[in-house]
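The values are calculated or read from the model by the stated rules, or taken from the named source; none is laboratory data. Note that the coordinates shown come from a computational prediction; the quantities given were computed from them, not determined experimentally. Positions of Cβ are backbone-derived with ideal geometry, glycine not excepted, and every protein chain shown enters the neighbour counts. These accessible areas exclude ligands, DNA and RNA; they are computed on the full protein's heavy atoms, side chains included. Shrake-Rupley method; radii C 1.70, N 1.55, O 1.52, S 1.80 Å.
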Amino acid sequence: MARVALVTGGTRGIGHAVSVALRDAGYTVAANYGGNDEAANAFKQETGIPVYKFSVADYEACADGVKRIENELGPVDVLVNNAGITKDKPFHKMTKEQWDEVINTNLTGLFNVTHQVWPGMRERGFGRIVNISSINGQKGQFGQVNYSASKAGDLGFTKALAQEGAKKGITVNAVCPGYCATDMVMKVPEEVRQQIIDQIPVGRLGQPEEIARCVTFLAADEAGFITGSTLTANGGQYLD
Ligand code: CAA
């Protein structure tokens, strides 16, 4: 039986590439999404991967959503916590709402979804959790106090939970993508984006598939000795 993998935010951007890569590696994939029905339907048509709509920021919705996935596809053995948002503003202009939205999705979302699959992984003695953090959780970024804090939090979450999963066959790792060619990065004003690209030694944005490659590596059954680690893929922009 193929292992079941749940990818949050799995219908667009990096999540889209991760869903497809896991499917191609033989997993049964469930792609979660938060709100964009049009993109989710197009993704489903294109890939044949089933989509599940729920907000990772809502604990009860995550409980219902994961139950639905497990009833339809089977127990989740691989969880990729990819869903994330930005609300960029210099700190003096950032509202409490912009802070809360980003923290609730990018950090509390990891608690909300992982908490649903963790007991089953412990019982079965197997699990793979891959958290998509960011270069900006490692180095900080002007205009992203909320996002950088959430993504740095994801790294703490990863390292602490890895220690709890170790004896149960569950690995917990993080991937830190740099700037990739996704809608999220395309939202950055063009001149600012060009300044960012100028700081990337490989001279270009990353491709979502290059991040998906990191995820399939960490999700593999053979990756059982890798836990609590951070895999960086940023074109050499920040070396940590
Ligand atoms: N360092 C220092 N100063 C900077 C700066 C930087 N990196 N970026 C902007 N500034 C300065 C500008 O020079 C300008 O200064 P002056 O006022 O002296 O001219 C000032 O900040 C602009 O301030 P504003 O109040 O006008 O800013 P704004 O409200 O228009 O917001 C911003 C600007 C939203 C922060 C915009 O600069 C921006 O989008 N920056 C990029 C943020 C970024 O990298 N986001 C990543 C999104 S992708 C992602 O997050 C994925 C991932 O994981 C990598």
- Message: Residues that are open to solvent by 70 Å² or more (accessible area, probe 1.4 Å) and within 28 Å of residue 210 (Cβ to Cβ): does the stretch 56-73 have at least one?
- Response: no
- Message: With the condition being open to solvent by less than 30 Å² (accessible area, probe 1.4 Å), touching a residue at least 24 places away in the same chain (Cβ under 8 Å) and within 22 Å of residue 15 (Cα to Cα), I'd like the helices (runs of 4 or more DSSP H) fully within the stretch 174-228 carrying at least 2 qualifying residues.
- Response: 208-219
- Reported set for the stretch 136-191 where residues are of a type in the set (Gly, Ala, Ser) and within 12 Å of the ligand (Cβ to nearest atom) is 137, 140, 143, 148, 150, 152, 178, 181
- Task: Restricting attention to the stretch 55-77, report how many residues are more than 20 Å from residue 19 (Cα to Cα) and touching a Leu at 6+ places or on another chain (Cβ under 9 Å).
- Result: 0
